[in-house]
Amino acid sequence: MIKLKVKNSGIVKLQNFDDPPDGYLYIGTVKKEIPFAIKRIYYINKLANKIAIRGKHAHKKLHQIIFCINGKFTLNLDDGNTKQSIRMTNPGLGIILGPLLWHTMTKFSKDCVILVLADDDYKKEDYIRDYTEFTKLI
């Protein structure tokens, strides 16, 4: 199990049912495994470029949960004091990305698919895209 060292984060463990050869089922219920009402979902795929870096920002208020539902990638977290890298490989484990948590994603496998659940709509003004600005807010 992952032990988080950074602030403004958490772990979500989905219910799962393994039924080989018929696949694996993962279930998350709002206010049970998912700690907030979901207002937006998005996913990222086709990450074949080995030097790709996604994220590179923090949020002022938004809460998200990030899952690697296929393949693997490295999630890099920074709360302004502590940095941590997590290799995301388990589709049933998500990481909560709370406000003021700088995050990047790197080292994607060719088959990587990332799913993100968010507690609010996209709001450009909620994004902190400059690391120096982020450190000043901390």
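Quick notes on this one:
- Lys46 meets the stated requirement of being at positive phi and of a type in the set (D, E, K, R).
Every residue, every condition in (1) within 14 Å of Leu117 (Cβ to Cβ); (2) surrounded by 14 or more Cβ atoms within 10 Å (Cβ to Cβ), yes or no:
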| residue | (1), (2) |
| --- | --- |
| Lys3 | no, no |
| Asn8 | no, yes |
| Phe17 | no, no |
| Tyr26 | yes, yes |
| Asn45 | no, yes |
| Ile53 | no, no |
| Leu62 | yes, yes |
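- Cβ pairs under 8 Å, 6+ apart, first in region 10-23 and in contact (Cβ under 8 Å) with a residue 40 or more places away in the chain and β-branched (Val, Ile, Thr), second surrounded by 10 or more Cβ atoms within 10 Å (Cβ to Cβ) and assigned to a loop (DSSP other than H, G, I, E, B): Ile11/Ile2; Ile11/Leu4; Val12/Gly28; Val12/Glu33; Val12/Pro35
- Enumeration of residues in region 101-120 that are over 30 Å from Asp18 (Cα atoms), open to solvent by 20 Å² or more (accessible area, probe 1.4 Å) and touching a strand residue (DSSP E or B) at 6+ places or on another chain (Cβ under 6 Å): Trp102, Thr104
- Note on region 2-25: residues that are of a type outside the set (Gly, Ala, Ser) and more than 30 Å from Lys60 (Cβ to Cβ) total 10.
- The single condition among (1) free of Cβ contacts under 8 Å to residues at least 12 places away in the same chain; (2) over 15 Å from Leu93 (Cα atoms); (3) surrounded by 11 or more Cβ atoms within 10 Å (Cβ to Cβ) that Arg40 does not meet is (1).
The values are calculated or read from the model by the stated rules, or taken from the named source; none is laboratory data. Keep in mind it's a predicted model, so treat the numbers as computed, not measured. Every residue, glycine as well, gets a Cβ built from its backbone with ideal geometry; the counts of neighbours run over all protein chains shown. Areas reflect the complete protein model, heavy atoms only, side chains present, ligands, DNA and RNA absent. Shrake-Rupley method; radii C 1.70, N 1.55, O 1.52, S 1.80 Å.
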